[in-house]
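The values are calculated or read from the model by the stated rules, or taken from the named source; none is laboratory data. All values reported here derive from a predicted model rather than from experimental measurement. Backbone-built Cβ (ideal geometry, glycine too); neighbour counts: all protein chains shown.
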Amino acid sequence: MRRPHISVLVRVSAAHFISHVYIMLVPALLPLLPAALGVSYVELGVAVSLFGILSAVLQAPMGFVVDRFGARRVLLVGIAVGTSCCFFLTAFPSYKGLLVATSVLGAANAVYHPSDYAILSRSVKDAVMGRAFSLHSFAGFGGSAITPFLMITIATFCGLPSAFFTAGLLGIATLGLFFLTRSDERDEGYADESASSEKNKSGVQMAVFTIPIFLLTLMYVLLSLSTTSIERFSVSALIEGFETPLSLANMALTAFLLFSAIGVLSGGALADRTRKHGYVAASAFGIAAVLAAIVALGILPPFALVPFFALIGFLTGIIVPSRDMLVRAASPKGGEGKTFGIVSCGFNIGGTVGPLMCGYFLDHGMPAYVFWAAVVFMVLTVLLTSVQERLKTQ
């Protein structure tokens, strides 16, 4: 990567990091919030749901805003708004304040994927695009990983307002990075569309409503459903359905998350060495589905559980850059923000449906179905990515 592109990648990865900090901010503090705010978990669930709903509803429209007004400009507004919400919660740590802040945070969260991917797609050389996508995704993993420990530690020793204030400071630092290392407008992914004719604008808008982009959105739904089953419910499923000790179940999940991150980094180099990104994703998820099925059968000896989860995590992580390359290939010129905004809605859909489904399985004494659900969604992903690869080559 040329140095200007490295600078862009650092800024965009920092933005992705802070976006995941803000996504995890309230969930990370859930153990402390009922006593601190005098509310129930159901009431807190409403706050978390508001975040997800607004993010899902606004993500596709925000893609159009990104391509119209410029990715960097919109991204900075999103970071600033999210940061302001953290300082608002510092001053007003109440349930009503939480409802307002999570709603606005959810709206602000809608800018990140369209903006980030538009900037990377328009700024980084094709030869290293896969690695750029992998580093960007890895930064998001890092934000999700560090937030629970950081927020709980600060809130425990310094109080809840201090935790929110720290999150705000991280946002200020991210904004500072953008302003201190600002490059030219072209490298920052400003909208090509703003300088084009109305006819060309209409053409780009129509081009994002295609069968390949619809299939990619569906793929994002399936990917979200697959990982949701394992990330959020595997520990409970292992304990209730397979009599796995809590310590071992947590170790398995930790291995899954750690090797998912390693897989993301490894997948970037792989994505840069092939154009058959759909087949890469299909192969990795096909093997992961077999391993998840073995877990679901309950035939694994205890010592094999952690290695199996680590391998499943690696395989699901390795496809992330290839997934992003598929979306970029389907995106019309100047419409990257729209395309990524539309397909990213699939994450929100899967993230809403998955917990309800897995919660139903656990409430009705069917813990193994948590893993079988992951298997089904992985197999569907294999079929869909294979079809997507065929469409791309036609």
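Would you confirm whether any residue within region 164-173 is in a helix (DSSP H, G or I), closer than 28 Å to T339 by Cα, outside the structural domain of G263 (by TED's automatic domain parsing) and in contact (Cβ under 8 Å) with a residue 24 or more places away in the chain?
Scanning region 164-173 turns up at least one residue that is in a helix (DSSP H, G or I), closer than 28 Å to T339 by Cα, outside the structural domain of G263 (by TED's automatic domain parsing) and in contact (Cβ under 8 Å) with a residue 24 or more places away in the chain.
Any chance region 352-369 includes a residue that's in contact with a His (Cβ under 8 Å, 6 or more places away or on another chain), assigned by TED's automatic domain parsing to the domain that holds L218 and small (G, A, S)?
As a first pass, look at region 352-369 and keep what is in contact with a His (Cβ under 8 Å, 6 or more places away or on another chain): none.
So far as region 352-369 goes, no, none of its residues is in contact with a His (Cβ under 8 Å, 6 or more places away or on another chain), assigned by TED's automatic domain parsing to the domain that holds L218 and small (G, A, S).
Of all residues in region 355-383 being part of a helix (DSSP H, G or I) and of a type outside the set (A, V, I, L, M, F, W, C), which is surrounded by the fewest Cβ atoms within 10 Å (Cβ to Cβ)?
D363
Kindly indicate the residue of region 283-305 that is surrounded by 24 or more Cβ atoms within 10 Å (Cβ to Cβ) and among the aliphatic types (A, V, I, L, M) and also farthest from R323 (Cα to Cα) among those meeting that condition. Can you show your working first?
First, pick out the residues of region 283-305 that are surrounded by 24 or more Cβ atoms within 10 Å (Cβ to Cβ): 284-285, 288, 292, 295.
Okay, now just the ones that are also among the aliphatic types (A, V, I, L, M), so 284, 288, 292, 295.
Details: A284: 12, A288: 16, A292: 20, V295: 25 Å.
Among residues in region 283-305 that are surrounded by 24 or more Cβ atoms within 10 Å (Cβ to Cβ) and among the aliphatic types (A, V, I, L, M), the one farthest from R323 (Cα to Cα) is V295.
Restricting to region 66-77, give me the number of residues that are surrounded by fewer than 24 Cβ atoms within 10 Å (Cβ to Cβ) and within 20 Å of the chain's Cα centre (by Cα).
Residues of region 66-77 surrounded by fewer than 24 Cβ atoms within 10 Å (Cβ to Cβ): 68-70, 73, 76-77.
Remaining after also requiring within 20 Å of the chain's Cα centre (by Cα): 76-77.
Number of matching residues: 2.
Name the residue that is surrounded by the most Cβ atoms within 10 Å (Cβ to Cβ), counting only residues in region 239-254 that are under 15 Å from I312 (Cβ atoms) and at pLDDT 85 or above.
Looking at residues that are under 15 Å from I312 (Cβ atoms) and at pLDDT 85 or above, I get A252.
Any idea how many residues of region 95-132 are touching a helix residue (DSSP H, G or I) at 6+ places or on another chain (Cβ under 7 Å), in a helix (DSSP H, G or I) and over 26 Å from A28 (Cβ atoms)?
Residues of region 95-132 that are touching a helix residue (DSSP H, G or I) at 6+ places or on another chain (Cβ under 7 Å), as a first pass: 95, 97-99, 101-125, 129-132.
Filter once more, keeping what is in a helix (DSSP H, G or I): 95, 97-99, 101-109, 112-123, 129-132.
Subset that is over 26 Å from A28 (Cβ atoms): 118-123, 129-132.
So the answer is 10.
So, T339, is that one of a type in the set (S, T, Y) and buried (at least 24 other Cβ atoms within 10 Å of the Cβ) or not? Outline the logic, then answer.
On the way: of a type in the set (S, T, Y): yes; buried (at least 24 other Cβ atoms within 10 Å of the Cβ): yes.
Yes, satisfied.
If L257 satisfies all but one of (1) surrounded by fewer than 17 Cβ atoms within 10 Å (Cβ to Cβ); (2) more than 19 Å from Y369 (Cα to Cα), what's the number of the condition it fails?
Condition (1) is where L257 drops out.
Is it fair to say F138 is out of contact with any strand residue (DSSP E or B) (no Cβ under 9 Å at 6 or more places or on another chain), touching a residue at least 60 places away in the same chain (Cβ under 8 Å), closer than 19 Å to C86 by Cα and crowded, with 20+ Cβ neighbours inside 10 Å?
Values: out of contact with any strand residue (DSSP E or B) (no Cβ under 9 Å at 6 or more places or on another chain): yes; touching a residue at least 60 places away in the same chain (Cβ under 8 Å): yes; closer than 19 Å to C86 by Cα: no; crowded, with 20+ Cβ neighbours inside 10 Å: yes.
When the stated conditions are applied, F138 does not pass them.
Among (1) over 21 Å from the mean Cα position of the chain (by Cα); (2) hydroxyl-bearing (S, T, Y); (3) surrounded by fewer than 19 Cβ atoms within 10 Å (Cβ to Cβ), where does T352 come up short?
Going through (1) over 21 Å from the mean Cα position of the chain (by Cα); (2) hydroxyl-bearing (S, T, Y); (3) surrounded by fewer than 19 Cβ atoms within 10 Å (Cβ to Cβ) one by one, T352 breaks only (1).
Search region 40-53 for residues being assigned to a helix (DSSP H, G or I) and over 20 Å from the mean Cα position of the chain (by Cα), and hand back the single one that is surrounded by the fewest Cβ atoms within 10 Å (Cβ to Cβ). If you could, list the steps in order and put the result at the bottom.
The first filter runs over region 40-53 and keeps only residues assigned to a helix (DSSP H, G or I), leaving 41-53.
Those still in the list that are over 20 Å from the mean Cα position of the chain (by Cα) too: 41-44, 46.
Numbers: Y41: 12, V42: 7, E43: 15, L44: 20, V46: 15.
Residue satisfying both the conditions and the ranking: V42.
Just wondering, is there one or more residues in region 152-162 that are outside the structural domain of T274 (by TED's automatic domain parsing), under 22 Å from V66 (Cβ atoms), part of a helix (DSSP H, G or I) and among the polar types (S, T, N, Q)?
Going through region 152-162, the residues outside the structural domain of T274 (by TED's automatic domain parsing) turn out to be 152-162.
Add one more test, that the residue is under 22 Å from V66 (Cβ atoms), and what stays is none.
No, that holds for no residue.
Taking only region 260-282 into account, find how many residues are surrounded by 17 or more Cβ atoms within 10 Å (Cβ to Cβ) and of a type in the set (D, E, K, R).
Counting residues in region 260-282 that are surrounded by 17 or more Cβ atoms within 10 Å (Cβ to Cβ) and of a type in the set (D, E, K, R) gives 1.
So A56 passes all but one of these: (1) within 25 Å of G341 (Cα to Cα); (2) exposed (fewer than 15 other Cβ atoms within 10 Å of the Cβ); (3) not basic (K, R). Which condition number does it fail?
In the conditions (1) within 25 Å of G341 (Cα to Cα); (2) exposed (fewer than 15 other Cβ atoms within 10 Å of the Cβ); (3) not basic (K, R), A56 misses (2) alone.
Quick one: T244 ticks every box in (1) among the polar types (S, T, N, Q); (2) outside any loop (DSSP other than H, G, I, E, B); (3) farther than 29 Å from A127 by Cβ except a single one, so which number is it?
Just one mismatch for T244, condition (2).
In region 91-114, which residue that is more than 19 Å from T352 (Cβ to Cβ) and small (G, A, S) is surrounded by the most Cβ atoms within 10 Å (Cβ to Cβ)?
A101
Any chance you could count how many residues in region 98-135 are of a type in the set (A, V, I, L, M, F, W, C) and free of Cβ contacts under 8 Å to residues at least 60 places away in the same chain?
Going residue by residue through region 98-135, those that are of a type in the set (A, V, I, L, M, F, W, C) are 98-101, 104-105, 107-108, 110-111, 118-120, 124, 127-129, 132-133, 135.
Narrowing the set further to residues that are free of Cβ contacts under 8 Å to residues at least 60 places away in the same chain leaves 99-101, 104, 107, 111.
Selection size over region 98-135: 6.
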